[in-house]
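Below is one structure, written out as structure tokens; the observations come after it.
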Amino acid sequence: MLPLGFAWLGALAFAGSLAYFLFAYFVTFGTPPLDSPVTMPIAIDVALFSIFALHHSLFARTRIKAWITSIVPPPLERAFYSWIASALFIVVCAAWAPVPGVIYSIRPPWNWIGYIVQGAALLVTFLGARSLDVLDLAGVRQVTQWQRPHPGTTAHVPLQTTGVYGIVRHPLYFGWAMLVFGAPHMTATRLSFAVVSTIYLAIAIPFEERGLDETFGPEYGEYRKHVRWRMLPGLY
């Protein structure tokens with residue numbers, strides 16, 4: 001039961017990190033600090049998110065994977081990653097340096113436009129995540145299959161090409177961009193987080209799609225022909 005408990009706690013940690021992000025973005029980041037230097041907080045924030053991004057590339061390296069599987073059984077590798085990623089994301093949100101200033105603030109009743117955009121972002125994210133195996137992403141599925149008396153060959157999740165996946169190839173990232181840029185009260189802290197995190201996602205997509213090409217082969221190539229946009233319709 002220990003491996004399964006470790007995996008489930010990792011999944012809860014992942015959910016908790018997302019919940020903490022929502023609290024930080026909607027509450028903490030919404031209050032601009034008193035007048036202070038701008039350059040230093042932005043430099044700190046870029047460094048924070050760079051460290052968070054670095055762990056993705058490190059965990060993809062063969063030597064790092066070999067080191068991890070020397071500490072934990074191979075089926076727990078994904079759960080171990082969930083623990084690390086969740087902890088780092090919480091640290092990033094908690095340590096995000098506030099940037100002084102308010103970029104814009106939409107007055108009522110027009111501020112509802114921003115709330116509608118953010119509501120649509122949550123809907124897009126839900127519809128995109130519903131098509132994926134969330135337990136597999138969190139590392140729980142690998143442990144349950146490992147603990148079966150006679151585990152069989154596991155098929156990957158079928159390539160999703162309809163619904164929100166027919167709009168952009170990465171709807172979860174599309175939903176993220178809508179959420180972080182849709183705030184009707186845009187403080188400089190929120191904007192810095194939105195810009196840095198979205199740039200990171202845009203840079204990460206080509207590397208992620210290399211793995212999708214390896215997984216799905218020509219099927220993914222055909223999908224790219226039919227769905228042109230990666231993340232932002234009409235832009236990218």
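Specify which of the listed residues (Leu137, Leu132) is in a loop (DSSP other than H, G, I, E, B), within 15 Å of the chain's Cα centre (by Cα) and modelled with pLDDT under 90.
Matching residue, one of Leu137, Leu132: Leu132.
Counting only residues that are under 30 Å from Pro184 (Cα atoms) and either of a type in the set (Phe, Trp, Tyr) or out of contact with any Gly (no Cβ under 8 Å at 6 or more places or on another chain) (or both), which one in the range 124-143 is most open to solvent (accessible area, probe 1.4 Å)?
Once the filter is applied, the top-ranked residue is Arg130.
Considering only residues that are β-branched (Val, Ile, Thr) and within 13 Å of Leu232 (Cβ to Cβ), look in the range 167-196 and name the one that is most open to solvent (accessible area, probe 1.4 Å).
Ile167
Checking Val38 against (1) of a type in the set (Val, Ile, Thr); (2) touching a Pro at 6+ places or on another chain (Cβ under 7 Å); (3) crowded, with 16+ Cβ neighbours inside 10 Å, which single condition isn't satisfied?
Among (1) of a type in the set (Val, Ile, Thr); (2) touching a Pro at 6+ places or on another chain (Cβ under 7 Å); (3) crowded, with 16+ Cβ neighbours inside 10 Å, the lone unmet condition for Val38 is (3).
If Phe29 passes every condition in (1) farther than 20 Å from Thr198 by Cβ; (2) in contact (Cβ under 8 Å) with a residue 60 or more places away in the chain but one, which one does it miss?
Single failed check for Phe29: (1).
Count, please, the residues in the range 209-236 that happen to be over 19 Å from Gly128 (Cβ atoms) and open to solvent by less than 70 Å² (accessible area, probe 1.4 Å).
The total comes to 3.
Given the criteria at pLDDT below 85 and either within 17 Å of the chain's Cα centre (by Cα) or not polar (S, T, N, Q) (or both), does Ala79 qualify?
yes
Keeping to the range 61-86, report how many residues are loosely packed, with under 12 Cβ neighbours inside 10 Å and more than 19 Å from Leu4 (Cα to Cα).
5
What helices (runs of 4 or more DSSP H), lying completely within the range 160-236, carry at least 3 residues that are farther than 24 Å from Ile116 by Cβ?
So the answer is 188-216, 218-226.
Is at least one residue of the range 219-226 at pLDDT 85 or above and closer than 30 Å to Ser36 by Cβ?
Looking through the range 219-226, none of the residues is at pLDDT 85 or above and closer than 30 Å to Ser36 by Cβ.
The values are calculated or read from the model by the stated rules, or taken from the named source; none is laboratory data. As the structure is a computational prediction, the values presented were derived from the model and not from experiment. With ideal geometry, Cβ positions are generated from the backbone for all residues, glycine too; neighbour counts draw on all protein chains shown. Just the protein is used for accessible areas: all its heavy atoms, side chains included, with ligands, DNA and RNA removed. Shrake-Rupley method; radii C 1.70, N 1.55, O 1.52, S 1.80 Å.
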